[in-house]
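Engineer: Mind having a look at this structure? Questions to follow.
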Amino acid sequence: MTINVRFFFLLLFLACSLVHVIVDSYVCPADGDWPPANETDVVTMPCPLGLSGQRSRACGTGGIWSAPVETACPKYCPTEQGWNQTKATMTVTIVCPTNASVSASRTCGSTGQWQAPMGSGCGCAQDGIWTPTDSDNFIVMDCPNGQQQAWSRYCNLAGIFGPVVTNCSCPADAEWNMTLGGTRAVLPCPYQTGVRIRDCDKTGIWSDVGTQCPPISCPAMVDAFGNWSATPAGGNATLPCPDTGIIYRECNASGHWQLTTTNCSCSAATDTSGSWPTTLAGQSATLPCPDTGIRYRQCNSSGQWKPATSNCSCSANGGWPQTAPNKTVSQPCPYSSNSTMQRVCLANATWGVPTTCPPLKCPFDNIWNETLANQTATALCSSGGTITRLCLYNGTWAAQSGECPSCPADGVWEMTNATAIRTIACPNNDPNGSIARQCSANATWLDPFWLCHCLSDGVFNTTLPNVTAVIACPNGVAGQIISRDCLSNGTWAKTVSNCSCPADGLYSITPANTTVSIQCDAQNTSQVTRFCNGSAIWEPQLGNCSKTCPTDGIWNTIDANTIRTIACTNNDTLGSMARKCAENGTWLEPYSTCRCPAEGLFNATLPSVTAVIPCPNGVAGQFISRECLSNSTWASIVNNCSCPADGLYATTAANTTVSIQCDAQNTSQVTRFCNGSAMWEPQLGNCSKTCPADGIWDAIDADAIATIACANNDTVGSMARKCSENGTWLEPYSSCQCPTDGIFNATSPNVTAVIACPNGVANQFFSRQCLSNSTWASIVNNCSCPADGLYSITPANTTASIQCDAQNTSQVTRFCNASALWEPQLGNCSKNCSQDGIWPETLPGGVVVLNCTSEGTQERTSNNSGYNAAEHVIEYVFHYTDDRTVQQHNGSINDTN
């Protein structure tokens, strides 16, 4: 495949036209190898190409460069596609390597720029994979890696191939992105600082990966298993088990320790429980109990025996229930519900010897005295002779042997057989009572037994004999009563009364049926009297001393010797408040029957009375009490309830916490709360060592490891935490990755993920740290857009602004986006190319094409600075420049000034 050279270079020129903008009125921008300079500075530099001499250039007003001034700097045309470096004005001729009769020549112009070659090309010979090619043509081939891409090589007029020009790319390979041939790809090290490099050659073939990543290792650390030494990533560290076997721990690729694995075991051992076989770590050995149950002993994850445990017990045996070791059980003695025998299940889960029961006896029964089991009691008959009765083996009486004669008639009592009971009516005609008398087994009368009631007399209800009937005094005064004894023969004794009228104003406490007289005062010798009647209630006063009590707060004025009654201030509708005006016209202390209102457990209660309720736990003799004060308000609750003794815990007052130390070796404590109802709450803590629940970590036994899923749903990693031998939590360890998020792949905790900037600039990266809690930190972007013409290096997400020139203060701007790629420029310096002869006025960047008078076309391009560019000629075109005219006719070129 061949390409027309002139057409190729024209397209190249049009594609690569740059915007020329005069910027910064104070600084001359970099120009070729001339560095930036301040206004009025003169820059001096050595000649190029290492030639002797100097050159200088002034930065003029407005930041505009002057033309270079060179001293002893000869002009050279540079080496170019087979044409070696040549001094200005010299002509070079190259003989075709394959045909000496064919040659081509080329002149280096006075300004050090090559003129067009002259002569016939001889073509380029085979060069490796590059096949023979006509001069002044390109050969284009598909890339060797099979991609739909191409690389090319130019054959010049001298029959020499130029360098390879390629757009072959190395394909994407795992984490390596597609990369242009002849360039280098760079990736950060996956788990630490440093980079990896890989070259893509011009044919699109990847080289091997080169690395500058420092080595990774897991740091030395100490945990419950022992001291782990630093270990290279991907390696394994080991520790010996405390007894038998090895503990393993892997250091993963990111330099983080993984969870331990082990083949530890506990060696065979003998203790008071028995002989335990060799057992793998994490498993339990078992032994049978002497009676019932199994004994267990666990080999922990480190390969160490834990103390033995068991569910051994003494089996049910002869009425004795299945019982735990060190427990005592009781059962009633045979044939006696009042006595018990006990038996202990010993510490080794075998039964001890039961206690013995007391000897059985038959109880006293009428004429028969208490008698030992299996013995015979004897009684004498009143008329001579004896009778007997056997006390059986089970402590119960057998039937009597023999009989005595009858008891003789005795007054109202008729003759009655031995052991029989004679009953007669009560003399007071009590329809529900009777008098009974028994003739004993030895035919002697026993004392009569009266069951005659004292009948109701209107005041006192029917009452059992030998019982005192009591009624409250009619005046309702607490603690005062009227009583009457019902005698054993069913007749009433005299009434006894301690009722009295209460103190009332001038009148002191006075017994019932008593009259009290009081003189008014020293000036008034008249008297007033008052009678305390049989019901201990004051009759109205007779006479008065004509005095009144004045208004006192809520108590309005009333006459002496009268009572004022008002409603309760606490809205008790059943009670009231009363206050008496004494005979001398002074107020007495108020009296209240206003009750304290029902509150919680306590019912409405009269003032100065203490309400009492039994303790909720039902323990006899314990109460909760509360006094209703004289002002009808409740005092504080008094709680004398207590929780009963229970195992380790002694009798304890309500609302009290009891703490007990486990033992001398285990200084931890268990606690139990006796609540306000005197009921034990469940015990807190236990004496087996465990790590308590802690947030997301459930309680586990000492020396065990808890493992839970990642909180961020990472199915690859997990979180683990060990409970140490002393029952305290160690720090948790997480292998949970930060999840894939946009351009960042899933990453281990405490690792910084790094990716190259999208603009491909070496050593610029996006980075983001996966924190120890497996969440992403913020993205750090150190990418920047490279210098590009007027625009210097600029950080991503930044807008660069440049002023046009001293005469044009408008600006052009360009945005460096988040991918560190330049966006198109916004704005221009708004200068047109003015009309120039046959060339009309044209916008910046426009191209004007005119027909030539002879064959061909001519064209002229307007640049962005508003100045006319040189004309470019395509095939038989007049090509105008500022200082010369080039004419081309039939393949020859004339240069006229």
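The values are calculated or read from the model by the stated rules, or taken from the named source; none is laboratory data. Treat the numbers as computed from the prediction; the structure is a model and nothing was measured. Note that each Cβ is placed from the backbone with ideal geometry, even for glycine, and that neighbours are counted across all protein chains shown. Surface areas here come from the heavy atoms of the whole protein model, side chains and all, with no ligands, DNA or RNA. Shrake-Rupley method; radii C 1.70, N 1.55, O 1.52, S 1.80 Å.
Engineer: In what sequence, highest mean first, do 251-259, 422-430 appear when ranked by Cβ atoms within 10 angstrom?
Structural biologist: My ranking of the peptides, most packed first, is 251-259, 422-430.
Engineer: Using only helices, what value at 222 nm comes out for the chain when you add -39,500 (n - 2.57) per DSSP H run of length 4 or more and divide by the total residues, to the nearest 500 deg cm²/dmol?
Structural biologist: Value at 222 nm, helices only, nearest 500: -500 deg cm²/dmol.
Engineer: Sticking with the crude label model, points 7 Å out along Cα→Cβ, report the distance from A635 to V477 in nm, one decimal please.
Structural biologist: In this crude label model, A635 to V477 measures out at 2.3 nm.
Engineer: Just to verify a number: FRET efficiency for L730 and A220, C-beta to C-beta distance, R0 = 22 Å, to 0.05?
Structural biologist: Between L730 and A220 the formula returns 0.85.
Engineer: In debye to the nearest 20, how big a dipole does the range 256-403 give about its Cα centre with +1 on each Lys and Arg Cβ and -1 on each Asp and Glu Cβ?
Structural biologist: 460
Engineer: Can you pull the percent of the chain's accessible area that's carbon plus sulfur, 1.4 Å probe, other chains left in place?
Structural biologist: Carbon and sulfur atoms account for 53 percent of the accessible area of the chain.
Engineer: Related question: I'd like the Kirkwood hydrodynamic radius of the range 341-496, using the inverse of the mean 1/r over distinct C-alpha pairs, in Å.
Structural biologist: Across the range 341-496, the inverse of the average 1/r is 20.2 Å.
Engineer: Here is a follow-up. In units of 2.2 N^0.38 Å, what is the alpha-carbon radius of gyration of the range 326-419?
Structural biologist: 1.73
Engineer: Now a separate question. Whose amide H sits under 5 Å from the amide H of N317, counting only residues 5 or more places off or on another chain, with H placed in the peptide plane?
Structural biologist: none
Engineer: Related question: Which distance in nm do the two modelled labels at N584 and D457 give, with both placed 7 Å along the Cα-to-Cβ direction?
Structural biologist: Result for the modelled spin labels: 4.3 nm.
Engineer: For the range 758-808, just the Cα atoms, rotate onto the principal axes and tell me the three extents in Å, largest first.
Structural biologist: 59, 20, 11
Engineer: Mind ordering 536-543, 455-462 by average Cβ neighbours within 10 Å, highest first?
Structural biologist: Those peptides, ordered most packed to least, come out 536-543, 455-462.
Engineer: Next up: Report, ordered by chain and residue number, the lysines lying within cross-link reach of K722, taken as a straight Cα distance under 17 Å and ignoring same-chain residues fewer than 8 apart.
Structural biologist: Within reach: K306, K689.
Engineer: Turning to a different aspect of this structure: Given Cβ point charges of +1 (Lys, Arg) and -1 (Asp, Glu) and nothing else, what value in debye, to the nearest 20, does the dipole of the chain about its Cα centre take?
Structural biologist: Charge dipole, the chain, about its Cα centre: 2120 debye, nearest 20.
Engineer: Out of these labelled values of semi-axes √(5λ) of the Cα gyration tensor in Å, (i) 127, 51, 21; (ii) 45, 33, 27; (iii) 80, 56, 27, which was calculated from the coordinates shown here?
Structural biologist: Working out semi-axes √(5λ) of the Cα gyration tensor in Å from the coordinates points to (i).
Engineer: Magnitude of the Cβ-charge dipole of the range 146-239, K/R +1 and D/E -1, about the Cα centre, nearest 20 debye?
Structural biologist: For the range 146-239, the charge dipole is close to 340 debye.
Engineer: Rounded to the nearest 0.05, what FRET efficiency is calculated for L392 and A598 with R0 set to 51 Å and r the Cβ-Cβ distance?
Structural biologist: Plugging the Cβ-Cβ distance into 1/(1 + (r/R0)^6) gives 0.30.
Engineer: Now a separate question. Pull out a ≥ b ≥ c, the square roots of the eigenvalues of the alpha-carbon gyration tensor of the range 608-720, then state rounded if a/c is under 1.5, prolate if not and a/b is larger than b/c, and oblate in the remaining case.
Structural biologist: prolate
Engineer: How far is it, in nm, from the label point at A399 to the one at S56 when both lie 7 Å from their Cα along the line to the Cβ?
Structural biologist: 16.1
Engineer: Enter the angle in degrees (range 0 to 90, nearest 10) between the Cα long axis of helix 5-15 and the first principal axis of the Cα atoms of the chain, meaning the one along which they spread out most.
Structural biologist: 40
Engineer: Go ahead and run the numbers for FRET between D365 and D701, Cβ-Cβ distance against an R0 of 60 Å, rounding to 0.05.
Structural biologist: 0.40
Engineer: Pulled fully out, how much extra length does the chain show between I197 and Q807, if you take 0.36 nm times their separation in residues and subtract their Cα-Cα distance?
Structural biologist: Gain on extension, I197 to Q807, equals 214.7 nm.
Engineer: A further question on this structure: Once the dipole of the chain is set up with Lys and Arg at +1 and Asp and Glu at -1 on Cβ about the Cα centre, which of Q764, V716, A58 lies farthest towards its positive end?
Structural biologist: V716
Engineer: Checking the cross-link filter: which aspartates and glutamates have an alpha carbon closer than 15 Å to that of K547, excluding same-chain neighbours under 8 positions apart?
Structural biologist: K547 reaches D521, D559, E583.
Engineer: Taking 0.36 nm per residue of separation and subtracting the Cα-Cα distance, what length does fully extending I793 through L346 add?
Structural biologist: 151.9 nm
Engineer: In percent, what relative contact order does the chain have, based on Cα pairs under 8 Å that are 6 or more apart in sequence?
Structural biologist: Computed over the chain, the figure is 4 percent.
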